[in-house]
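**Student:** Please read through the structure below; I'll follow up with questions.
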Amino acid sequence: MPVVFRLEGCRFFFFANEGDPREPVHIHVAKAGADAKFWLYPTTELAYNRGFDARMIKRLQEIVDERRDDIEDAWHEFFA
């Protein structure tokens with residue numbers, strides 16, 4: 001499970017086995033028993049949330065938007 005980066009106590013990662021066929025580019029976020037998944041395209045969209053409050057989800061979405069290029073680069077590098 002490649003970790004793309006850590007920020008504000010959260011781990012931003014994806015799984016090495018992302019389905020067959022592989023799911024579109026997305027990122028998982030985990031912190032202290034909570035986790036969420038965000039699709040990156042066509043716009044950043046919450047796929048699911050288990051345990052984060054609304055304020056944190058908003059912040060996580062901002063981070064994903066800001067780091068979209070880093071996430072996409074890591075995804076393509078790993079799955080190349």
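The values are calculated or read from the model by the stated rules, or taken from the named source; none is laboratory data. Values in this document were obtained by computation on a predicted structure and should not be read as measured data. FYI the Cβ positions are ideal-geometry reconstructions off the backbone, even for glycines, and counts take in every protein chain you see. Ligands, DNA and RNA are excluded from the accessible area calculation, which covers all protein heavy atoms including side chains. Shrake-Rupley method; radii C 1.70, N 1.55, O 1.52, S 1.80 Å.
**Student:** Restricting to region 66-80, count the residues that are open to solvent by 100 Å² or more (accessible area, probe 1.4 Å) and either assigned to a loop (DSSP other than H, G, I, E, B) or closer than 14 Å to Arg11 by Cα (or both).
**Tutor:** 1
**Student:** Right, next: Does region 47-65 hold any residues that are under 17 Å from Glu8 (Cβ atoms) and within 12 Å of the chain's Cα centre (by Cα), and which are they?
**Tutor:** Asn49, Ile57, Leu60, Gln61, Glu62, Ile63, Val64, Asp65
**Student:** Does any residue in region 1-14 that is over 14 Å from Val25 (Cα atoms) and at pLDDT below 95 come within less than 7 Å, Cβ to Cβ, of a residue that is of a type in the set (A, V, I, L, M) and open to solvent by less than 60 Å² (accessible area, probe 1.4 Å) six or more places away or on a different chain, and which pairs are these?
**Tutor:** Matching pairs, first to second residue: Met1/Ala16.
**Student:** If a residue must be farther than 18 Å from Glu72 by Cα, open to solvent by 20 Å² or more (accessible area, probe 1.4 Å) and not acidic (Asp, Glu), how many such residues does region 31-56 contain?
**Tutor:** Result for region 31-56: 11.
**Student:** Check whether at least one residue in region 17-24 is open to solvent by 70 Å² or more (accessible area, probe 1.4 Å), at pLDDT 95 or above and of a type in the set (Asp, Glu), and report yes or no.
**Tutor:** No, region 17-24 has no match at all.
**Student:** Considering region 14-32 alone, what residues qualify as being part of a strand (DSSP E or B), in contact with a helix residue (DSSP H, G or I) (Cβ under 9 Å, 6 or more places away or on another chain) and under 12 Å from Val64 (Cβ atoms)?
**Tutor:** Selection gives His26, Ile27, Val29.
**Student:** Related question: Do you know which residues across region 33-42 are under 15 Å from Phe13 (Cβ atoms) and part of a loop (DSSP other than H, G, I, E, B)?
**Tutor:** Of everything in region 33-42, just one residue is under 15 Å from Phe13 (Cβ atoms) and part of a loop (DSSP other than H, G, I, E, B), namely Leu40.
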